[in-house]
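Mind having a look at this structure? Questions to follow.
The values are calculated or read from the model by the stated rules, or taken from the named source; none is laboratory data. Treat the numbers as computed from the prediction; the structure is a model and nothing was measured. Ideal geometry is used to build each Cβ from the backbone, glycine not excepted, and the neighbour counts take in all protein chains shown.
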Amino acid sequence: MSQDSAAPEVARKLSGRRRREVVAVLLFSGGPIFESSIPLSVFGIDRQDAGVPRYRLLVCAGEEGPLRTTGGLELTAPYGLEAIGRAGTVVVPAWRSITSPPPPEALDALRRAHEEGARIVGLCTGAFVLAAAGLLDGRPATTHWMYAPTLAKRYPSVHVDPRELFVDDGDVLTSAGTAAGIDLCLHIVRTDHGTEAAGALARRLVVPPRRSGGQERYLDRSLPEEIGSDPLAEVVSWALEHLHEQFDVETLAARAYMSRRTFDRRFRSLTGSAPLQWLITQRVLQAQRLLETSDYSVDEVAGRCGFRSPVALRGHFRRQLGSSPAAYRAAYRVRRPQVEAGPSAVVESVVPVQARRTAATAGASGPGASQTLPPELGKPPSSAYAAGHGRPSLPGQRSAP
């Protein structure tokens, strides 16, 4: 989880012509409008009346315009690449295609800004632009979980972690998709001006001041496109079909006819994740499905997901989802009847909370009465790298989790 402590001192001193409060947002044609609008809203609106210090926003075109965005809208940026030379923070909110190279002029401008001490930020697929500029070499980074394998394969020197909402590596920061861009921008405000300023901004945006948890809950079991034709695809498919069995990474490496070290390196380059962490994530996902769709006990679920003991399941489940398996199942079953009950349940779900509390206090029962979710739910684990806190440790054992 991101902490309120200041980021570590960056190696390069900010150039005298750059100002920390000046934020340049680099836009390209073909970029998604939602991601592009996030830094414009966070840094471009004067909210000093709410206690949010003001930034100066420079919207810069990363290539010749007009810039066409999603829905066929055309944008004309008031500044070009030269304006980046005044910014202490440069944000790339998105890139139009993970398979095409960004304009060389834009990459040169980003490298120059970084060399002169500017903070460089990539939101969602903007990480591909930072990677193309060489700014993520040897660094931890994240992007949308769906694109993480591509980022890891195309730029093997980048330490891609698809689990995180955002990664703060001091002078270079990256985030996962869409809403995680808001999380990272709020983190920047918190780093610059403290918790109160970030909280005031979050209230104006009507979002949580900070979200916990990572991208694990959104991952699916489908094979990344980048691995589909790779020999490792067969090993991954076998693992997904045999999650109910107890096997470890050594078993997978043997099936791939590789040493453990070679297998780890190849697997990470293709999926963006260490094989052990990937295997644990898949076992937890399988446990979620069984908790939702079966009446197996937690002990039985652990065995059917390949965990050596229920204790191992509970530990990994809580670390990834912030809840015990029992609490997760209870909360799922509380919500499920509302989905199956039809329109009347939907109407109930939008009854003001205060009205339901009042009804409950008065002893009402039935549709007007409130139901309490298990208190354990909604307390996910830490999500984002915070500057100075390093990479999260992964389980080091070689036995099956």
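Given the criterion of a type in the set (Ser, Thr, Tyr) and over 18 Å from Gly62 (Cβ atoms), identify the matching residue among Thr99, Thr89, Thr125, Thr142.
Selected residue: Thr142, the only one of Thr99, Thr89, Thr125, Thr142 that is of a type in the set (Ser, Thr, Tyr) and over 18 Å from Gly62 (Cβ atoms).
Further question on the same structure: Which pairs turn up if I take residues in segment 11-22 that are within 9 Å of Gly117 (Cβ to Cβ) and look for partners that are basic (Lys, Arg) with beta carbon separation below 7 Å, at least 6 apart in sequence or on another chain?
From residues that are within 9 Å of Gly117 (Cβ to Cβ), the pairs are Leu14/Arg20; Arg18/Arg86.
Right, next: In this structure, is Arg19 of a type outside the set (A, V, I, L, M, F, W, C), in contact with a Leu (Cβ under 9 Å, 6 or more places away or on another chain) and closer than 19 Å to Asp171 by Cα? Show your work before the answer.
Values: of a type outside the set (A, V, I, L, M, F, W, C): yes; in contact with a Leu (Cβ under 9 Å, 6 or more places away or on another chain): no; closer than 19 Å to Asp171 by Cα: yes.
Here the answer is no, as Arg19 does not meet what is asked.
Mind counting the residues in segment 141-161 that are at pLDDT below 85 and under 11 Å from Thr174 (Cα atoms)?
Summing the residues that are at pLDDT below 85 and under 11 Å from Thr174 (Cα atoms) in segment 141-161 gives 1.
Within segment 255-291, which residues are polar (S, T, N, Q), assigned to a helix (DSSP H, G or I) and farther than 17 Å from Gly315 by Cα?
Hits for segment 255-291 are Thr262, Ser269, Thr271.
Hey, among Pro102, Pro78, which residue is of a type outside the set (S, T, N, Q) and surrounded by 15 or more Cβ atoms within 10 Å (Cβ to Cβ)? Break it down into steps so the answer makes sense when it comes.
Working: Pro78 fails: surrounded by 15 or more Cβ atoms within 10 Å (Cβ to Cβ).
Answer to the check: Pro102.
Among (1) surrounded by fewer than 24 Cβ atoms within 10 Å (Cβ to Cβ); (2) more than 14 Å from the chain's Cα centre (by Cα); (3) of a type outside the set (Phe, Trp, Tyr); (4) at pLDDT 90 or above, where does Val129 come up short?
The number of the failed condition is (1).
Would you mind stating whether Thr76 is at pLDDT below 95, within 25 Å of the chain's Cα centre (by Cα) and hydroxyl-bearing (Ser, Thr, Tyr)? Break it down stepwise before answering.
Values: at pLDDT below 95: yes; within 25 Å of the chain's Cα centre (by Cα): no; hydroxyl-bearing (Ser, Thr, Tyr): yes.
Here the answer is no, as Thr76 does not meet what is asked.
Table: residues versus (1) outside the structural domain of Ala148 (by TED's automatic domain parsing); (2) within 21 Å of the chain's Cα centre (by Cα); (3) more than 30 Å from Leu321 (Cα to Cα).
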| residue | (1), (2), (3) |
| --- | --- |
| Val25 | no, yes, yes |
| Phe43 | no, yes, yes |
| Leu57 | no, no, yes |
| Ala61 | no, no, yes |
| Gly80 | no, no, yes |
| Thr89 | no, yes, yes |
| Pro93 | no, yes, no |
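Now, a different point. Can we say Ala369 is modelled with pLDDT of 85 or more and surrounded by 13 or more Cβ atoms within 10 Å (Cβ to Cβ)?
No.
Moving on to the next point. What number of residues within segment 185-227 satisfy the criterion of being at pLDDT 90 or above, among the polar types (S, T, N, Q) and surrounded by fewer than 19 Cβ atoms within 10 Å (Cβ to Cβ)?
So the count comes out to 1.
Return the residues of segment 50-69 that are exposed (fewer than 14 other Cβ atoms within 10 Å of the Cβ) and either of a type in the set (Gly, Ala, Ser) or modelled with pLDDT under 90 (or both); say none if nothing qualifies.
Once the filter is applied, which keeps residues that are exposed (fewer than 14 other Cβ atoms within 10 Å of the Cβ) and either of a type in the set (Gly, Ala, Ser) or modelled with pLDDT under 90 (or both), segment 50-69 yields Ala50, Glu64, Pro66.
With respect to Leu107, is the statement that it is in contact with a Phe, Trp or Tyr (Cβ under 9 Å, 6 or more places away or on another chain) and modelled with pLDDT of 95 or more true? First the steps, then the outcome.
Details: in contact with a Phe, Trp or Tyr (Cβ under 9 Å, 6 or more places away or on another chain): no; modelled with pLDDT of 95 or more: yes.
The answer is no for Leu107.
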